[in-house]
Amino acid sequence: MKKIYDHIQVEEKWQKFWEEENFFQQTDVVPAGMEKDYLLFAFAYPSGSGLHVGHVESKTALDILARFKRMNGKHVFFPVGWDAFGLPAENYAVKTGVPPVVTTKNAIDTFRRQIKRLGISYDWANEIATNHPGYYKWTQWLFLKMYQKGLAYRGKGMVNWCPQDQTVLANEQVVNGKCERCGTQVIQKELEQWYFKITEYTEELISGLDQVDWPKPTKEQQLHWIGKKNGIEIEYPVEGTDQSIICFTTRPDTNFGATFIVLAPEHQFVRDILDKKIPLTEEQEKHLPKLARYVQQTAEKTELDRQAEGKRKTGVFTGFYVLNRLNGKKLPVWISDFVLAGFGTGAVVGVPGHDLRDFQFARTFDIPVIRVVVGPDKNEGEITDESQVQEEAGHMINSEFLNGLEIHEATEKMMDFLEDNGWGKRTVSYKLRDWLISRQRYWGAPIPIVYDPQGNAHPVKEEHLPWMLPTDVDFKPTGESPLKSSKEFFERTERLYGKGWTPECDTMDTFVDSSWYYLRYTDSRNESAFADKEKMAKLLPVDMYLIGPEHIVLHLLYSRFFTKFLRDEGYLTFDEPFMKMRHQGMILGPDGKKMSKSKGNVITPDEIIEKYGADTLRVYEMFMGPLESDKPWDTGSVIGVYRFLQRIYQLYQTGVTEKEAPGLVSALHATIKKVSEDIPELKFNTAIAALMIFINQWEESIKKAKVGINAENANAFLKILAPFAPFLSEEIYQSLNSSAKNLKKSVHYEEWPKHDPKQLIQEKVVVVIQVNGKLRGEVEIPQEDINNQEVVIAAATSSPQVTKWLEGKEIVKEIYVAGRVVNLVVK
RNA sequence: GCCGAAGUGGUGAAAUGGUAGACACGUCAGACUUAAAAUCUGAUGCCUUCAACAGCGUGUGGGUUCGAGUCCCACCUUCGGCACCA
């Protein structure tokens, strides 16, 4: 009778065994002569709803890699932790009054239990959670380090404000004008906020990408985000004043076609007019009310309003003119919200003939349009329609000394000319801004700053770290930081710093927590440093980072910034934290849509493990398709993997024989080769297919000839199966070798088998025959003739399948690809 | 609009420029069973067909090549990201 593999009982048994024996806990030192391998996954936010099958994918993938590398003699560092600060826990607290520290702990406990059931071989001894005072003490310490170096600063600025969450959002956290978290329309607000000066490292954030092995599209997205543009700042004197307006442009070649200037409503010059710091003529005074109203309106506009406006241009004339020194023309100065205060100089020179937005603006306000570029259509006439606006290619006209030049040549010549005359200066502009880290939230690390009675900022003293997050707060959103409601927090500040001193009540963006967690892993219990320098030098940088594509821009940019800063401070010896990075795709619901509670398409690992076991879940998810692509979950298909594992278990009852089938042994070596090649490339789906093929062959051999493979080879197969199905392979390994003398403690401590190339050599090779590129037959060629073209061609042309296609034809060409294909070209 | 990725059976998917559809699900037929589930065996791209070693087939249209899912050009569709960035 067949023995049924009882996954529940078996998996519990080995999970307990591995845990009791501290199987995968690393000593924190890399043993001499061993190469380290640091495998990292993006630590998760422990949400209340627990793990879903999507979480399982990346964890399993890296676990397979970890086990494979251990068996290949690497010192694997595979830590785990929790990105535990964040909004959901706090929102839950607002609703229910349960403190975030409680919900977070419960959520982590659930996650931990679920992950352990999956058999992920994490180094639990170094587990971290960013909400733990032992962790955020160092988050705060790093803030102070930045503060000392002038890289953390306080500044006034327009910020994105979410009225629902009652907090500031980074630009990156505003999606389509809505809050990334809750979907509420974001508005603009001016506030005093803390920033990190990431722009200090802009150039290195660009050049450092050359050092790392990341997917190309990821690098491109980062570059795009940084948005480096070479251009020139041109100075335009304002008529009737001693001021001038500076415009940034990448296309000064078109400057003879300039007909106006547009400022962002937030531009300093506009403020100066409104504040009457600039003497106004009577005529100019008349523009003031309109101007003031427009500035006011812009400030109140939400991102969504701006979007709803679409391309429709609005604006107001300031009453001022500047001088275009190239041709002595007067250009009217306008303001419009299509010009962004944060890019370039917040002022744009309007060339309506050759910039679509400028054209639309000129049309709306009846400003003249001048053609200075002739495009590939050779049209030199007036520009009257959007479709005629030539931006990308052509030659100059109506531009005096530039006439006839190709636009790129003209750009260079114009830049030289402007610089030579002192009217402009070449410059580089970036989209990247400093990182706004203040959050008016409770559940985060408090910013370690206190204010003296005069309101000046002072760093919290190092001996007062961790600067504890108070617990006596009111979670109800008031528009102000919840920490303001803590009596203890204010009392503490006065006690430690003096009467009238007050604490900073904002907390840090959770991206700060996650910008350095991979450093803390290396020395997670250190109480006197964020991590020991030597330990970091030994284990870092990260060798493989597996991360979802959603983190491409922010988290990676911030982490790289931290790394470069800490390197400059002498703590780190490398430039880039993540040497190799790959992305896992998303596991979609059975309906092909993103899994979400509200859609009711969430599959939990618990239900699958209950029914089929953790090994089945692991192997199924790896078998679904390429790691990096999005894949819909199909519960129906899980059964196939379940059957596969059951059949393996059955085979080991009957398939291990003293006499071996030679073809089977050779097939095993081919399988070892394939699996060994696929795992490092993260091609788990094809590795599993190879394992399945071998099991099919082995089964067939037993059925037909009653011969299988011997114990040694049977063990070899178990070893290559072990990373994928750790429980099943351990179970079989232990019972198969129960009488063996020098048994390793576990299959997972075994050495990875090597394939024997001699075993892969076939006696006969099938060569395919094509006639004029079409498949017409095949011949078997003995191994020794495989490189003898004459023999192979002769065999091919005399093959009965082929002769009928050659009848009455002349062979004009013979192509032979050794061991694969013959192509006969006939006429 | 710009940047990026991807289009292959009923489904998830394989395929260093060299036998397209490996492997798996599903489906159909059969075995076992009172029956069902489970398990096992066989078939399964489409089409003509008694059967095909015949024809057609990797989003569309061209091209390069002895040979193209794979390389090149143009286009269509889907999905991600950015989006008035001067």
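The values are calculated or read from the model by the stated rules, or taken from the named source; none is laboratory data. Given the structure is predicted, the values throughout are model-derived calculations rather than measurements. Positions of Cβ are generated from backbone atoms using ideal geometry, with glycine treated the same way; all protein chains shown enter the neighbour counts. SASA here: full protein model, heavy atoms, side chains in, ligands and nucleic acids out. Shrake-Rupley method; radii C 1.70, N 1.55, O 1.52, S 1.80 Å.
Some notes on this structure:
- Test: residue in the stretch A:636-647 that is open to solvent by less than 10 Å² (accessible area, probe 1.4 Å) and under 33 Å from the mean Cα position of the chain (by Cα): yes
- Tally, over the stretch A:356-370, of residues that are near RNA strand B (Cβ under 8 Å from one of its atoms) and either in contact with a helix residue (DSSP H, G or I) (Cβ under 8 Å, 6 or more places away or on another chain) or among the aliphatic types (A, V, I, L, M) (or both): 2
Residue-by-condition table, conditions (1) more than 19 Å from residue A:270 (Cβ to Cβ); (2) within 12 Å of RNA strand B (Cβ to nearest atom); (3) under 42 Å from the mean Cα position of the chain (by Cα):
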| residue | (1), (2), (3) |
| --- | --- |
| A:331 | no, no, no |
| A:372 | yes, no, no |
| A:375 | yes, no, yes |
| A:384 | yes, no, no |
| A:390 | yes, no, yes |
| A:395 | yes, no, yes |
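- Filter pass, residue A:592 being open to solvent by 30 Å² or more (accessible area, probe 1.4 Å) and touching a Pro at 6+ places or on another chain (Cβ under 7 Å): yes
- Residues that are touching a Lys or Arg at 6+ places or on another chain (Cβ under 9 Å) and of a type in the set (Asp, Glu) within the stretch A:780-814 comprise A:780, A:810, listed in sequence order.
- Among the helices (runs of 4 or more DSSP H) confined to the stretch A:569-682, the ones with at least 3 residues that are within 12 Å of RNA strand B (Cβ to nearest atom) are located at A:614-623, A:635-654, A:662-678.
- Test set (1) touching a strand residue (DSSP E or B) at 6+ places or on another chain (Cβ under 9 Å); (2) closer than 28 Å to residue A:419 by Cβ; (3) open to solvent by 40 Å² or more (accessible area, probe 1.4 Å); (4) not small (Gly, Ala, Ser) - residue A:223 fails condition number: (1)
- Candidate set from the stretch A:692-709 (those that are free of Cβ contacts under 8 Å to residues at least 40 places away in the same chain and within 8 Å of RNA strand B (Cβ to nearest atom)); member that is most open to solvent (accessible area, probe 1.4 Å): A:703
- Pairs with Cβ under 7 Å, 6+ apart, first in the stretch A:541-566 and over 14 Å from residue A:215 (Cα atoms), second within 16 Å of RNA strand B (Cβ to nearest atom) and among the acidic types (Asp, Glu): A:554/A:172
- Within the stretch A:198-220, the set of residues being open to solvent by 70 Å² or more (accessible area, probe 1.4 Å) and over 15 Å from the mean Cα position of the chain (by Cα) comprises A:200, A:203, A:210, A:211.
- Yes/no for residue A:758 being in a loop (DSSP other than H, G, I, E, B) and more than 11 Å from RNA strand B (Cβ to nearest atom): no
- Close pairs (9 angstrom Cβ cut-off, 6 or more residues apart or separate chains): under 16 Å from residue A:14 (Cβ atoms) and hydroxyl-bearing (Ser, Thr, Tyr) in the stretch A:611-635, open to solvent by less than 10 Å² (accessible area, probe 1.4 Å) and part of a loop (DSSP other than H, G, I, E, B) anywhere: A:616/A:725
- Single match in A:647, A:643 (criterion: in contact with a helix residue (DSSP H, G or I) (Cβ under 7 Å, 6 or more places away or on another chain), farther than 20 Å from residue A:753 by Cβ and among the basic types (Lys, Arg)): A:647
- Annotation note: of A:386, A:391, A:406, the sole residue that is open to solvent by 70 Å² or more (accessible area, probe 1.4 Å) and either without any contact (Cβ under 8 Å) to a residue 40 or more places away in the chain or small (Gly, Ala, Ser) (or both) is A:386.
- Pairs linking a residue in the stretch A:764-775 that is part of a strand (DSSP E or B) to a residue that is of a type in the set (Ser, Thr, Tyr) and near RNA strand B (Cβ under 9 Å from one of its atoms), with Cβ atoms under 9 Å and 6 or more positions apart or on different chains, are A:767/A:816.
- Only residues that are loosely packed, with under 15 Cβ neighbours inside 10 Å and among the β-branched types (Val, Ile, Thr) were counted across the stretch A:565-589, and they come to 1.
- Set side by side, the residues A:241, A:254 differ, and just one is away from RNA strand B (no atom under 16 Å from the Cβ), more than 30 Å from the chain's Cα centre (by Cα) and among the hydroxyl-bearing types (Ser, Thr, Tyr), which is A:241.
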